[in-house]
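J.: Provided herewith is a single structure, encoded as structure tokens, for subsequent inquiry.
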């Protein structure tokens with residue numbers, strides 16, 4: 001006899017995987033279910049790959065940036081936009097970029113509108129945060145992530161991933177601030193603007209996710225060439241040196 005109190009099998013499986021909220025979401029929204037499954041698969045696959053022996057000349061990365069409604073990922077602030085560009089070794093693939101606005105489904109504070117130029121009219125018809133995550137991680141695939149001051153971006157990605165899919169990010173992230181502190185320990189200003197100016201990289205449009213990604217990619221390539229000049233050959237070597245700084 002059928003148990004009337006037991007959830008449908010599809011929902012029950014999702015419940016065991018991630019909790020009742022995403023399970024209910026998925027039952028009533030098949031598109032959300034597909035997006036959640038995709039995000040979970042990307043995170044699962046990323047954990048399987050061992051890449052520490054990769055030569056730095058062959059390393060494939062995605063340099064990225066987020067714009068957000070504020071600075072408190074656990075206190076209600078949301079992602080506003082994703083920007084990213086691919087690079088292999090010290091070659092930036094400027095033809096391989098990703099950018100999307102997303103609808104944060106909350107008001108955008110006036111100071112953030114002023115900082116980013118993103119208005120509520122701009123995001124009203126934009127993809128949801130979950131759709132933005134799926135598109136972003138589809139672009140990233142298995143590649144290593146690079147960001148400037150990555151703690152902010154990691155917090156927002158992890159908060160959004162957990163809220164929508166009950167997973168945490170498993171991609172490795174290299175932070176250009178950490179690399180700058182290792183290469184240039186006597187500096188007092190490690191802001192993106194200061195480092196770009198020091199390295200002769202033109203500053204285009206700040207606080208635009210794609211433009212910031214492109215500028216950070218140029219900084220990453222500049223650092224990578226200096227790293228290789230120190231006879232550091234593999235990703236594992238780089239991590240070893242960074243862990244000692």
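J.: Looking at 142, 88, which is the one that is within 27 Å of residue 236 (Cβ to Cβ) and modelled with pLDDT under 95? Walk me through how you get there before you give the answer.
T.: Numbers: 88 fails: modelled with pLDDT under 95.
Matching residue, one of 142, 88: 142.
J.: Hey, does segment 206-222 have a residue that's farther than 14 Å from residue 65 by Cα and loosely packed, with under 14 Cβ neighbours inside 10 Å?
T.: From segment 206-222, those farther than 14 Å from residue 65 by Cα are 221-222; that's our starting set.
When the remaining residues are screened for being loosely packed, with under 14 Cβ neighbours inside 10 Å, the result is none.
Looking through segment 206-222, none of the residues is farther than 14 Å from residue 65 by Cα and loosely packed, with under 14 Cβ neighbours inside 10 Å.
J.: Could you pull out every one of the strands (runs of 3 or more DSSP E) wholly within segment 56-171 that has 1 or more residues that are surrounded by fewer than 17 Cβ atoms within 10 Å (Cβ to Cβ) and in contact (Cβ under 8 Å) with a residue 40 or more places away in the chain? Don't jump to the end; show me each part of the working.
T.: Details: elements: 60-68, 79-88, 91-101, 144-147.
Passing ranges, in order: 60-68, 91-101.
J.: How many residues does segment 173-218 hold that are assigned to a loop (DSSP other than H, G, I, E, B), under 22 Å from residue 94 (Cα atoms) and touching a residue at least 24 places away in the same chain (Cβ under 8 Å)? Step through it out loud before you land on a result.
T.: Just the residues of segment 173-218 that are assigned to a loop (DSSP other than H, G, I, E, B), to begin with: 184-191, 199-208.
Restricting the remaining residues to those that are under 22 Å from residue 94 (Cα atoms) gives 199-208.
Subset that is touching a residue at least 24 places away in the same chain (Cβ under 8 Å): 207-208.
The qualifying residues number 2.
J.: In the list 121, 77, which residue meets the criterion of being in contact with a strand residue (DSSP E or B) (Cβ under 6 Å, 6 or more places away or on another chain) and at pLDDT 70 or above?
T.: Details: 121 fails: in contact with a strand residue (DSSP E or B) (Cβ under 6 Å, 6 or more places away or on another chain).
From the options 121, 77, the qualifying one is 77.
J.: Separate question: Considering (1) at pLDDT 95 or above; (2) more than 13 Å from the chain's Cα centre (by Cα); (3) more than 24 Å from residue 218 (Cα to Cα); (4) surrounded by 16 or more Cβ atoms within 10 Å (Cβ to Cβ), say which one residue 180 fails and leave the rest.
T.: Residue 180 satisfies every listed condition except (3).
The values are calculated or read from the model by the stated rules, or taken from the named source; none is laboratory data. All figures in this text were calculated on a predicted structure; none of them were measured in a lab. For neighbour counting, all protein chains shown are included, and Cβ atoms are generated from backbone atoms with ideal geometry for every residue, glycine included.
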